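**Q** Please find one structure pasted underneath; my questions will follow.
Here, each number is a calculation from the coordinates, and none is a lab measurement. The model shown is predicted, which means the values in this text are computed figures rather than measured ones. For neighbour counting, all protein chains shown are included, and Cβ atoms are generated from backbone atoms with ideal geometry for every residue, glycine included.
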Amino acid sequence: MTVEGFLVNPEVLQSLYGGIPIMGDVRIRSVNLNWRGPTVTLRVDLPSFPDSAPQEWIDAGVDTVQCQFQFLAVENMSLTEWDPPVVGAIDLAPWGGKRRMRVTADGSGVTLRFDCNESVRVGHVSAFKIQQDGSDDGRHLFVSKIDARRHTSLPPSDEKTFYER
């Protein structure tokens, strides 16, 4: 099943893409675990660049869109393979009733599974120019005005307001 059926705030991706991109062949940049919730946040590069990207993005020469997907009330997590760079498919499926789902991320360098609440929040949407080595270093153009004001590139991984909210 696609992420679209589970997103609680799909508007930002819908405005960029006219819908929600299929989560096959996404580059999974990071897996952030937070005991509060408990929560898992995946930072991913989306599989395509929007056809109708904002003019600011076109002028800046960016070519990749990145965002975070946050999953709440996580249980039964298993990360048996993590060997970056990681490219894989993220699948979500109803699981066990009571508004729960199973999330799987399988692909080159990753095997991740967990159960969680069926509501997924998308956040920190940005565009950047992917580096020759595949890294996401450098300037990011954030969609959110708050993110754009606070960050011109990805903050360090210990920046709690970026990676845990």
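**Q** Once the other residues with Cβ under 11 Å from the Cβ of residue 48 are scored (Lys, Arg +1; Asp, Glu -1), what is the net sum?
**A** After counting each charged neighbour, the total is -4.
**Q** Related question: Each label point is 7 Å from the Cα along the Cα-to-Cβ direction; what then is the distance between the points at residue 75 and residue 149, in nm?
**A** Result: 4.0 nm between the two label points.
**Q** Return the sequence-ordered ³J(HN,Hα) values of region 150-158 in whole Hz as given by the Karplus equation 6.51 cos²θ - 1.76 cosθ + 1.60 applied to θ = phi - 60°, using x for Gly and Pro.
**A** 8, 9, 10, 8, 5, x, x, 5, 8
**Q** Using unit Cβ charges (K, R positive; D, E negative) and no other charged atoms, how large, in debye to the nearest 20, is the dipole of the chain about its Cα centre?
**A** 660
**Q** What net charge is computed for the residues neighbouring residue 88, neighbours being all others with C-beta under 13 Å from the C-beta of residue 88, Lys and Arg scored +1, Asp and Glu -1?
**A** -3
**Q** Here's a follow-up. Can you classify region 79-134 as rounded, prolate or oblate using the Cα gyration tensor, where a ≥ b ≥ c are the square roots of its eigenvalues, rounded means a/c under 1.5, and otherwise it's prolate if a/b beats b/c and oblate if not?
**A** Oblate shape, in that a/c is at least 1.5 and b/c is the bigger or equal ratio.
**Q** If the chain were replaced by its equivalent ellipsoid, with semi-axes equal to the square roots of 5 times the Cα gyration tensor eigenvalues, what would those be, largest first, whole Å?
**A** They are 25, 17, 16 Å, listed largest first.
**Q** While we're here: Residues with amide H under 5 Å of residue 130's amide H, sequence separation 5 or more or different chain, H placed in the peptide plane at 1.01 Å from N; which?
**A** 63, 64
**Q** Is it possible to state the helix-based mean residue ellipticity at 222 nm for the chain, with each DSSP H run of 4+ residues giving -39500 (n - 2.57), the sum divided by total residues, to the nearest 500 deg cm²/dmol? What is it?
**A** -3000 deg cm²/dmol
**Q** Continuing with the same structure: Residue by residue, what Karplus-based ³J(HN,Hα) values in Hz, rounded to whole numbers, does region 36-47 have, using 6.51, -1.76 and 1.60 with θ = phi - 60° and x for Gly and Pro?
**A** 6, x, x, 10, 10, 10, 9, 9, 10, 8, 5, x
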